[in-house]
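Colleague: One structure is given below, represented as structure tokens, and several questions about it will come after.
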Amino acid sequence: MVEESVVQRGLQDVVALESRICFIDGRGGRLIYQGYDIRDLAARSSFEEVAYLLWYGQLPSARQLHDLRQRLGELRTLPRPVLDVLDRIPADSHPMDVLRTAVSALAVFEPGESRPGESSIGGALRLTAVIPTILGYFHRRRTGAPPLTVNPELSHAAWILHALRDSPPTDLEVRALDVALILHADHELNASTFAARVTASTLSDLYSAITSAIGTLKGPLHGGANERVMELLAEAGNVDRIEAVVRDKLAKHERIMGFGHRVYKVEDPRATILRDWSRRVGEAKGDLTYFQLLRRLEDVVHAEKGLYPNVDLYSGSVYSLMGIPKDLFTPIFAASRVAGWTAHVLEEYQDLRLIRPMAQYIGPTDLTYVPIEQRPD
Ligand code: ACO
């Protein structure tokens with residue numbers, strides 16, 4: 001007789017561990033990193049400062065921030081064997097597959113950085129520094145653009161834009177991306193962070209944990225949603241067609257990407273901030289088309305389903321206005337979330353407990369084995 005227990009599908013509402021890194025107030029619509037409200041950080045901080053905060057649990061001094069920026073800059077170069085791996089990847093591969101493969105390859109060539117334990121901060125810095133290089137190297141090769149020259153002086157946001165584009169970014173573009181990176185840097189036990197912590201909880205290495213996380217972030221119900229939002233806008237084409245497109249999708253029981261959230265019951269505070277940045281970047285470019293389409297989409301989805309926007313609704317419009325192709329949206333998410341993933345893995349190593357839930361078995365237990373030659377065709 002199998003004992004019955006309550007099944008929490010999707011682990012919904014299950015509190016799996018204690019963490020000091022991030023708090024989501026799903027009813028109040030607040031997001032806190034190590035005690036600091038995301039709205040303050042988005043208004044006043046930088047990605048590097050937030051990464052330091054996530055890793056060390058406190059804001060850096062000016063000297064500590066300077067040192068962190070310098071180390072990130074120095075760690076941007078990829079070893080030749082990883083570049084060789086990237087050279088062999090088909091040019092039509094999805095950049096998330098490329099990223100997953102490159103991080104996994106890096107683990108083989110830099111095993112020391114990846115070792116489990118508190119010293120993994122070196123690996124956290126290395127992965128954070130190198131992800132834009134991986135993306136830029138691959139993207140330039142597939143588009144035939146001039147090869148990437150590593151620039152150790154740039155901020156993380158400016159380095160990402162430098163790696164992915166030929167035209168120098170404006171200050172507004174760098175700040176818009178910096179804010180997007182701050183907003184994406186952590187989000188408690190989301191699916192990819194959970195995947196990273198599950199891997200780390202077996203005392204596996206940091207790079208394996210981040211490889212798990214990248215594979216998990218790729219899915220359209222998680223990081224891949226902003227790509228799909230832009231596809232919906234393209235499908236609608238103009239504001240007047242949004243309602244028909246949404247209704248058609250809902251009639252077919254399809255989800256509208258960029259809406260709904262497992263934890264937020266009100267508007268995702270990251271969506272509020274990115275909405276403003278979508279408008280600001282649109283105004284600077286003299287093109288508010290995406291902004292107007294998204295506003296209409298919000299109205300229609302709220303009227304039809306009562307759903308609020310999540311972080312993925314407006315991020316794609318900001319990146320598109322910067323000339324970034326949509327298959328790089330989720331990789332940019334990873335270029336930020338790597339700070340949170342690695343912070344969680346470090347925390348897991350310090351308070352290790354194998355993560356191993358149970359399944360409620362619903363199959364039979366008393367079948368008789370039939371030899372293959374006696375089984376019907
Ligand atoms: N479009 C249409 N209906 C939706 C949506 C949506 N975006 N989100 C939720 N619903 C509906 C569901 O169909 C379900 O309705 P039902 O009870 O009539 O069947 C109800 O709302 C509850 O949905 P669940 O799937 O149970 O809620 P869950 O907490 O599992 O979903 C999720 C959260 C996966 C994010 C969901 O809202 C979704 O699929 N959104 C679209 C994908 C997306 O934007 N993902 C990005 C999330 S943010 C991030 O990961 C960075």
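Colleague: Tell me, please, whether a residue that is modelled with pLDDT of 95 or more, over 27 Å from residue 273 (Cβ atoms) and crowded, with 20+ Cβ neighbours inside 10 Å can be found in segment 56-77.
Modeller: yes
Colleague: Test residue 205 against the criterion of being away from the ligand (no atom under 12 Å from the Cβ), under 30 Å from residue 343 (Cβ atoms) and crowded, with 19+ Cβ neighbours inside 10 Å, and give yes or no. Can you show your working first?
Modeller: Values: away from the ligand (no atom under 12 Å from the Cβ): yes; under 30 Å from residue 343 (Cβ atoms): yes; crowded, with 19+ Cβ neighbours inside 10 Å: yes.
So residue 205 passes the test.
Every residue, every condition in (1) in contact with a strand residue (DSSP E or B) (Cβ under 6 Å, 6 or more places away or on another chain); (2) farther than 30 Å from residue 99 by Cβ; (3) within 16 Å of the ligand (Cβ to nearest atom); (4) modelled with pLDDT of 95 or more, yes or no:
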residue: 270; (1), (2), (3), (4): no, no, yes, yes
residue: 274; (1), (2), (3), (4): no, no, yes, yes
residue: 277; (1), (2), (3), (4): no, no, no, yes
residue: 280; (1), (2), (3), (4): no, no, no, yes
residue: 287; (1), (2), (3), (4): no, no, no, yes
residue: 306; (1), (2), (3), (4): no, yes, yes, yes
residue: 323; (1), (2), (3), (4): no, no, no, yes
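Colleague: What are the pairs with Cβ atoms under 9 angstrom where one residue, in segment 245-261, is at negative phi and more than 6 Å from the ligand (Cβ to nearest atom) and the other, located anywhere, is part of a loop (DSSP other than H, G, I, E, B) and among the β-branched types (Val, Ile, Thr)? Sequence gap at least six, or different chains.
Modeller: Partner pairs satisfying both residue conditions: 246/256; 249/256; 250/256.
Colleague: How many residues are under 19 Å from residue 211 (Cα atoms), open to solvent by less than 20 Å² (accessible area, probe 1.4 Å) and of a type outside the set (A, V, I, L, M, F, W, C) if we restrict to segment 122-178? Write out each step before concluding.
Modeller: Pass one, segment 122-178, residues under 19 Å from residue 211 (Cα atoms): 122-138.
Keeping just the survivors that are open to solvent by less than 20 Å² (accessible area, probe 1.4 Å) gives 122-136, 138.
Filter once more, keeping what is of a type outside the set (A, V, I, L, M, F, W, C): 122-123, 126, 128, 132-133, 136.
Number satisfying all stated conditions: 7.
Colleague: Filter segment 208-258 down to the residues that are open to solvent by 10 Å² or more (accessible area, probe 1.4 Å) and of a type in the set (S, T, N, Q), then identify the one that is farthest from residue 103 (Cα to Cα).
Modeller: 238
The values are calculated or read from the model by the stated rules, or taken from the named source; none is laboratory data. The model shown is predicted, which means the values in this text are computed figures rather than measured ones. For neighbour counting, all protein chains shown are included, and Cβ atoms are generated from backbone atoms with ideal geometry for every residue, glycine included. Ligands, DNA and RNA are excluded from the accessible area calculation, which covers all protein heavy atoms including side chains. Shrake-Rupley method; radii C 1.70, N 1.55, O 1.52, S 1.80 Å.
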